[in-house]
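Here the structure is laid out as structure tokens; the discussion comes afterwards.
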Amino acid sequence: MTPKRVLTVAGSDSGGGAGIQADLKTMLAHGVHGMSVLAAVTAQNSVGVQGYWELPADAVRAQLSSVLDDIGVDAVKTGMLASATLVETVAEVLATVRVPVVVDPVGVSKHGDALLAADAVAAVRDRLLPVATLVTPNLYEVGQLTGVKVESEDDLPRAAAAVLALGPRAVLVKGGHLAGDAVDLLLTRDGVSRTYRAPRWDNRHTHGTGCTLASAIASRLALGDPLPDAVAAAKDYVTGAIAAGFPLGAGIGPVDHGWRWR
């Protein structure tokens, strides 16, 4: 039998911990067939991002057409899109796709390096979020998109409502940068509100958590899970991957995408 098909549209991480590489590893771990559209190439390792180069819009559009016209998809995940032109190109195509779309609105790397041009934030807000089934911003990205500053768990509902007002069908605000447990809040246009809580592991090797979570949710949606269940399963997977994160290079190592096999 042909497995479910999940497409990632994102950037390449030469260090293998995040981006396209993390997405495909996560998809494999969930038993789906991962496919990729490369939007940008980064020179990146455990200590930071040394540079990135976006692909031409025509190249991104051609990759999308190749996959969608022949193979088809059961879910799509977007990550680093780098520029306003690429955001608009991807949004235009995804508006025609009738499958779940999980948008990870990547703004900066784990090390604080910018991965989205300043003039592209408006394009993410106005063009990409309205085609999203789910958007998964961290606290920095919430501020970038809405201006809402989250300082405690009590601020999560206000942040989620502000993102939801931008047009996605649902938002998962990730509270991983808050103190205490790792708490995320799901809010949907249908009025579903659910909090997900996991222990915070004492492990600095967390490179790729955002990409991994979004790809895991997309994989679970492709497999037929309802959205709240897909998020729960993905949260469990990424929590285990964080617990098993390992040192690599001189800086922050990646989460372990294969932790269930070891």
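The values are calculated or read from the model by the stated rules, or taken from the named source; none is laboratory data. What you see is a predicted model; the values in this text were computed from it and never measured. Because the Cβ atoms are built from the backbone with ideal geometry, glycine has one as well, and the counts that use them run over all protein chains shown.
Residue-by-condition table, conditions (1) at pLDDT 95 or above; (2) in contact with a Lys or Arg (Cβ under 6 Å, 6 or more places away or on another chain):
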residue	(1), (2)
Leu185	yes, no
Asp202	no, no
Gly210	yes, no
Ser215	yes, yes
Leu223	yes, yes
Leu227	yes, no
Ala233	yes, yes
Ala243	yes, no
Leu248	yes, no
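Going through (1) modelled with pLDDT of 95 or more; (2) part of a helix (DSSP H, G or I); (3) over 18 Å from the mean Cα position of the chain (by Cα) one by one, Leu28 falls short only on (3). Looking only at residues of the range 125-136 that are assigned to a helix (DSSP H, G or I) and hydrophobic (A, V, I, L, M, F, W, C), we find that the one that is nearest to Val90 (Cα to Cα) is Leu128.
Scanning the range 1-25 for residues that are more than 17 Å from the chain's Cα centre (by Cα) and within 20 Å of His205 (Cβ to Cβ), we see that the one that is surrounded by the most Cβ atoms within 10 Å (Cβ to Cβ) is Gly15.
Inside the range 191-209, can you point out the residues that are surrounded by fewer than 20 Cβ atoms within 10 Å (Cβ to Cβ) and touching a residue at least 12 places away in the same chain (Cβ under 8 Å)? Outline the logic, then answer.
In the first step, residues of the range 191-209 are kept if they are surrounded by fewer than 20 Cβ atoms within 10 Å (Cβ to Cβ); the result is 191-195, 197-204.
Hits for the range 191-209 are Val192, Ser193, Arg194, Thr195, Arg197, Ala198, Pro199, Arg200, Trp201, Asn203, Arg204.
In the range 242-262, which residues are among the aliphatic types (A, V, I, L, M), closer than 21 Å to Gly175 by Cα and more than 15 Å from the chain's Cα centre (by Cα)?
So in the range 242-262, the residues among the aliphatic types (A, V, I, L, M) come out as 242-244, 248, 250, 252, 255.
Applying the additional criterion that residues be closer than 21 Å to Gly175 by Cα yields 242-244, 252, 255.
Residues satisfying the conditions are Ile242, Ala243, Ala244, Ile252.
Can you report the number of residues in the range 77-124 which are more than 22 Å from Val231 (Cα to Cα) and either among the basic types (Lys, Arg) or in a strand (DSSP E or B) (or both)? Total meeting the criteria: 4.
Could you list, in sequence order, all residues of the range 188-210 that are more than 13 Å from Leu172 (Cβ to Cβ), under 18 Å from the mean Cα position of the chain (by Cα) and part of a strand (DSSP E or B)? Listed by number, the list holds a single entry, His207.
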